[in-house]
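Colleague: Got a structure for you, written out below as structure tokens; questions coming shortly.
The values are calculated or read from the model by the stated rules, or taken from the named source; none is laboratory data. Because the structure is predicted, anything quoted here is derived from the model rather than measured. Backbone-built Cβ (ideal geometry, glycine too); neighbour counts: all protein chains shown. Accessible surface is based on the protein model in full, side chains and every heavy atom, while ligands, DNA and RNA are left aside. Shrake-Rupley method; radii C 1.70, N 1.55, O 1.52, S 1.80 Å.
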Amino acid sequence: MTRAHSASNPWMADHPSGHALRLVEEARELVDARLEAWAQRMSHEVPGQLGEALAYALRSPGKRVRPALVLAAVRAVGGDPLTAVDVATAVEIVHTYSLVHDDLPCMDDDKLRRGRPTTHCAFDVATATRVGFLLVPLAAEVLSKAGNSLGLSAEEQQSLAVELLEAGGIRGMVGGQWLDLEAEGAHLDLPGLVAVHQGKTGALIRAAVVIGGIAARATPEQVFALRAYGEEIGLAFQVADDVLDATATSETLGKTAGRDAALAKSTYVGLLGVEGARAEAARHEQLAIRALEVSGVQTESLAALARYIVTRAS
Ligand code: GRG
């Protein structure tokens, strides 16, 4: 999809719709209130600097795209998003853990995240490492409490937990990050890059969508469609991320721009160019929407978020 084509097709506008922005804003308000409550609790329950650092990480101001996807998936299968805010919070806490660890000197070694010093810069490496490890069981606790208050069966709760924790594991973020670190300085081809990002970025995004469906008691067919949608927008998200890393400023992104080039990483922009990468993101977006259209899942919110993901400014 070229920009000329997108300009002639209002559905493919090259900026997020008001609807998408409202969905993200709504998720941010709802989830930020929960994160704030957990931050206060952690700073009281966990002694000293570690409690403060946990609260610092939980309060870090992200876009909250994954929570928005959880709530949109709930809506898409006829559920009430307000019942799933804690589920969305659990997903965001896992994402927050991954950012804290991703920024550590032994990984991407970054100083700026979400417009603030990274957790290891605001505190120290040992504290940030512990913060990351403690956020994962916290997410499991938040998820389990959410499953109970939703009245989900033991089997449904198990599916939620498996979905979230597997996305963080060797077939998800850890596996993808590992491949990514090993590939620094090497030249990956497109299948190699897809393998990195299906794990590193895509797995949690896909899990967010599937988890929303399970929380709203989606049918197996609906979960299948949500998973296929999530797989595609997970990749679209990373392609857009590569474009932003190459074209936006650190101020807009709230994190260091140009980091991929500095770390000699293979990227979609490196392989396809900026316009080619934009077209690749739009291709994944279309595949995502097509996966929903055949399933009887309501597409409106999820389609709006797919467009948001490929056209966001940060
Ligand atoms: C031990 C090998 C090993 C790995 C640990 C740290 C880790 C697991 C994985 C890294 C996963 C990661 C940070 C992927 C990047 C995903 C990504 C594009 C994040 C940016 O997401 P946004 O734009 O950020 O939604 P905000 O700040 O808005 O939430």
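Colleague: Name the residue, out of Leu193, Leu235, Leu164, that is under 24 Å from Leu134 (Cα atoms), within 16 Å of the ligand (Cβ to nearest atom) and modelled with pLDDT of 95 or more.
Modeller: The unique qualifying residue is Leu164.
Colleague: Among residues belonging to the stretch 105-120 that are near the ligand (Cβ under 9 Å from one of its atoms) and on the phi < 0 side of the Ramachandran plot, point out the one that is most open to solvent (accessible area, probe 1.4 Å).
Modeller: My answer is Cys106.
Colleague: Please state which one of Ala208, Ala236, Ala203 is of a type in the set (Gly, Ala, Ser), open to solvent by less than 10 Å² (accessible area, probe 1.4 Å), in contact with a Pro (Cβ under 8 Å, 6 or more places away or on another chain) and at negative phi.
Modeller: Exactly one of Ala208, Ala236, Ala203 is of a type in the set (Gly, Ala, Ser), open to solvent by less than 10 Å² (accessible area, probe 1.4 Å), in contact with a Pro (Cβ under 8 Å, 6 or more places away or on another chain) and at negative phi, namely Ala208.
Colleague: What pairs come up if the first residue lies in the stretch 258-279 and is in contact (Cβ under 8 Å) with a residue 24 or more places away in the chain, the second is acidic (Asp, Glu) and not in a helix (DSSP H, G or I), and their beta carbons are under 8 Å apart, counting only those six or more places apart or on different chains?
Modeller: Here the result reads Arg259/Asp108; Arg259/Asp110; Leu263/Asp108; Leu263/Glu184; Ala264/Glu184; Lys265/Glu184; Leu271/Asp189, each pair linking the stretch 258-279 to a residue that is acidic (Asp, Glu) and not in a helix (DSSP H, G or I).
Colleague: Mind checking which pairs have a first residue in the stretch 46-67 that is touching a residue at least 24 places away in the same chain (Cβ under 8 Å) and a second that is among the aromatic types (Phe, Trp, Tyr), Cβ under 6 Å, 6 or more apart or different chains?
Modeller: Short answer, once both residue conditions are applied: Ala53/Phe123; Leu58/Trp38.
Colleague: Please find, within the stretch 121-136, the residue that is most open to solvent (accessible area, probe 1.4 Å) out of those that are without any contact (Cβ under 8 Å) to a residue 60 or more places away in the chain and among the aliphatic types (A, V, I, L, M).
Modeller: Only one residue tops the list, namely Val125.
Colleague: Can you tell me which of (1) under 21 Å from Ile93 (Cβ atoms); (2) not in a helix (DSSP H, G or I) is the one Ile205 doesn't meet?
Modeller: That leaves (2) as the condition not met.
Colleague: Given Leu287, Leu302, which one is away from the ligand (no atom under 14 Å from the Cβ) and touching a Phe, Trp or Tyr at 6+ places or on another chain (Cβ under 7 Å)?
Modeller: None of the others qualify; the one that does is Leu302.
Colleague: Is there any pair linking a residue in the stretch 89-103 that is at positive phi to one that is part of a helix (DSSP H, G or I) and open to solvent by 20 Å² or more (accessible area, probe 1.4 Å), with Cβ under 6 Å and at least six apart or on different chains, and which?
Modeller: none
Conditions tested, residue by residue: (1) away from the ligand (no atom under 14 Å from the Cβ); (2) at pLDDT 95 or above; (3) open to solvent by less than 50 Å² (accessible area, probe 1.4 Å).
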site	(1), (2), (3)
Ala7	yes, no, no
His15	yes, no, no
Leu30	yes, yes, yes
Trp38	yes, yes, yes
Met42	yes, yes, yes
Val46	yes, yes, yes
Gln49	yes, yes, no
Arg64	no, yes, yes
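Colleague: Among the helices (runs of 4 or more DSSP H) lying completely within the stretch 91-170, list those that include at least 2 residues that are within 15 Å of Ala208 (Cα to Cα).
Modeller: 125-149, 154-167
Colleague: Being in a helix (DSSP H, G or I) and at pLDDT 95 or above is the requirement here; does Ala72 meet it?
Modeller: Against the criterion (in a helix (DSSP H, G or I) and at pLDDT 95 or above), Ala72 qualifies.
Colleague: Condition first: within 22 Å of Glu182 (Cα to Cα) and assigned to a loop (DSSP other than H, G, I, E, B). Can you find one or more residues in the stretch 296-314 that meet it?
Modeller: Taking every residue of the stretch 296-314 in turn, none turns out to be within 22 Å of Glu182 (Cα to Cα) and assigned to a loop (DSSP other than H, G, I, E, B).
Colleague: Could you list, in sequence order, all residues of the stretch 283-308 that are under 15 Å from Val77 (Cα atoms) and over 19 Å from the mean Cα position of the chain (by Cα)?
Modeller: Ala291, Leu292, Glu293, Val294, Ser295, Gly296, Val297, Gln298, Thr299, Glu300 - these are the residues of the stretch 283-308 that are under 15 Å from Val77 (Cα atoms) and over 19 Å from the mean Cα position of the chain (by Cα).
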